[in-house]
Structure formats: C-alpha cells, structure tokens
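Take a look at the structure set out below.
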Amino acid sequence: MRPTLPGPLEGGHAPWCVFRMNRLPILRWKLWILIVLGCMAAHAAPPSPTLARRYHTGIDVTAYWVSEKYDGVRALWTGRQLLSRQGLPIRAPAWFTAGWPAEPLDGELWAGRGRFDAAQAAVAAAAPDDAQWRALRYMVFDLPAAPGGFGARLPTLQHAVAALGQPWVQAAPQWRVATRAQLMGQLREHEKAGAEGLMLRRDDAPYRGGRSEDLLKLKSFEDAEGLVVGHVPGRGKYAGQTGALLVAMPGGRRFRLGSGLPDALRRQPPPVGSVVTYRFNGTHASGLPRFARFWRVRADEPLN
C-alpha cells in the first residue's frame, strides 16, 4: 500500500523532498517517515519572539547594546510572511516584502516618533493600503536563526539589511555605553526628542523566546495594556458622557481609567472588549497602578 504524500506548501509548490519521493519506485515506510520528518524540520516555525523585562538598578550596562525603543508594531518575518508578536498574519503589500531573505527577521513596523497611530492603522487595515505602507519603515533589530550572542549576530544583520537595498528596511542603530549615568543621559535626550525610550540587548545572549534580562526596556514611565470591560458614567462637566473606562488587568484586577481620556473618547468611548494602553508610576500594595492615565487605544493585536 502506497502512503499518502504531504500536500503542497504555501504558493502551490511541494517541497523538494516530496518530488524526490515521487521518483522512488519502491518506498519503505521507515524511509518515508525519515523523509517526511526532514521535510517538516526544513519548514519549521521560527523561534518565538524575545520579550523584554523592565530595566532596574544593578544592571551592568556595559554588558548590553543600546538602541531606541520604537513606538510601532512588532513584526517577525518568518522567511515567507510577516507575523505579529502573537503570531497573527500581518497583511503587507507584496512589494514591501519582495526579495526579503528566507531567514527570519525580528523588527518593528515604525512610522516615526509620535506616529504610532499611523503604524497601527496600516497594520490593522483589512486590505493593505500602499500609501499607508509607504510611510512605514521596518526597523530590524535581530536575526532569530543566527548563531552566537547578539554582538556576534549584529554584523550579519547589518550586512543582510544593506544587501537588500530597500530604503524602507533599516537596521536599528545599536551602540554601547560605559556607565549608568551615560545611559540615563541618553534616555533623557531621546525622550526629549520624542522617542518612547531605550532598549538594551545583552551582548552574549543567544536569541531565545520569552521574557528574560537578555532584553530590557528603559523608559521614564511605565505602561501596560488592559481590557475595557465597562464604561463609568460621567458627572459634572462630563454628565451624559463617559467619566472613566472600567479596565481589567491581565490578572483580573479592575480599576477606573479616566485621567487623560480625550473628550472625543468620552463622547464615543472604546467599546467593551477593546484593548487600551495606559501609563502609570509604580503600583499600590494591591497591585493596581498608581496615577494611571489613558494613553491610547490598541487595535493591532489582542491582549495577552
């Protein structure tokens, strides 16, 4: 009995191993299994993304590379398509990724400082809009499949991006600092110029998924995302409007988020089920955020 062969891959093309199998007049089951396993390995999913922890005192800053924290949409190139941080497909125009390498890339779709809404709108659109995507840059900051620590991967990344010759694909500038005071000075300079903050990547760290101190984010404020579960009626000058959003944190705790909510969103608030980002300064003993203030509505990906 002849085993059923795997079907074609994306784009209608069968992998090389399937064509080889079709040419074999007699195929034993053990050989077939080995070939199929090899074929699956050749098309394995890219590594899960590296996620950042917050910078804290006691970090040896000389062990890290520093870059700007881009206020955009995280995007991972698998070698065939763009995915969001949570693995959802990103519908980019064909020209945007034409000629990109078969190896994975990790980066941010960025429209520039203070233009997060433009990046989010381009990514969230049901069909890619060329005009929106021409305003974006793909800021590449890592090569997930490359060996060695980040410092060893960096020259390979820079060479790969330069070889593409596409102005909308750029290697994120990386540099080193000698002291914490120098790092904090650069943070103030970048935030004054409109940047969201800084990122630190450990020089000797291999690329690995999940949160660790391989990757750190440094900002003068903290931010988090929550789920809108209700609307609190306004009083006084906000009578007849929304006074605050009732927001649920990932752990289930709820709090009212009214500070910083624009008038337009008080009149027409984000619907229940929306994900919003808020800024805050530390937490209470209960775990609720201190001095929470609304920042923006997040539409590019669901809440963790």
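Residues in segment 180-209 that are touching a residue at least 24 places away in the same chain (Cβ under 8 Å), assigned to a helix (DSSP H, G or I) and of a type in the set (A, V, I, L, M, F, W, C): LEU183, LEU187. Please tell me if PHE294 is out of contact with any Ser or Thr (no Cβ under 8 Å at 6 or more places or on another chain) and either touching a residue at least 12 places away in the same chain (Cβ under 8 Å) or not charged (D, E, K, R) (or both). In short, no.
Restricting segment 101-142 to residues that are farther than 16 Å from LYS69 by Cβ and touching a Ser or Thr at 6+ places or on another chain (Cβ under 8 Å) leaves a set whose member that is surrounded by the most Cβ atoms within 10 Å (Cβ to Cβ) is VAL123.
The residue of segment 218-238 that is surrounded by the most Cβ atoms within 10 Å (Cβ to Cβ), among those that are farther than 25 Å from GLY252 by Cβ and not aromatic (Phe, Trp, Tyr), is LEU218. Restricted to segment 67-179, the set of strands (runs of 3 or more DSSP E) holding at least 1 residues that are hydroxyl-bearing (Ser, Thr, Tyr) and touching a residue at least 12 places away in the same chain (Cβ under 8 Å) comprises 82-84, 137-142. The residues on offer are LEU154, LEU88, LEU83, and the sole one that is under 16 Å from the mean Cα position of the chain (by Cα) and at pLDDT 95 or above is LEU83. Taken over segment 185-201, the criterion of being touching a strand residue (DSSP E or B) at 6+ places or on another chain (Cβ under 7 Å) and farther than 29 Å from GLY287 by Cα is satisfied by GLN186, HIS190. Taken over segment 47-66, the criterion of being in a strand (DSSP E or B) and either surrounded by 15 or more Cβ atoms within 10 Å (Cβ to Cβ) or free of Cβ contacts under 8 Å to residues at least 40 places away in the same chain (or both) is satisfied by THR50, LEU51, ALA52, TYR64, TRP65, VAL66. Considering LEU164, LEU215, LEU157, the condition of being surrounded by 12 or more Cβ atoms within 10 Å (Cβ to Cβ) and farther than 17 Å from GLU103 by Cα is satisfied by LEU215 alone. Considering segment 143-154, the residues that are hydrophobic (A, V, I, L, M, F, W, C) and over 16 Å from LEU76 (Cα atoms) include one that is surrounded by the most Cβ atoms within 10 Å (Cβ to Cβ), namely PHE150. Here ARG266 passes the criteria (1) out of contact with any Pro (no Cβ under 7 Å at 6 or more places or on another chain); (2) surrounded by fewer than 18 Cβ atoms within 10 Å (Cβ to Cβ) except the one numbered (2).
The values are calculated or read from the model by the stated rules, or taken from the named source; none is laboratory data. Fair warning: this is a prediction, and the values are worked out from it, not measured in the lab. As a convention, Cβ positions derive from the backbone with ideal geometry for all residues, glycine included, and neighbour counts pool all protein chains shown.
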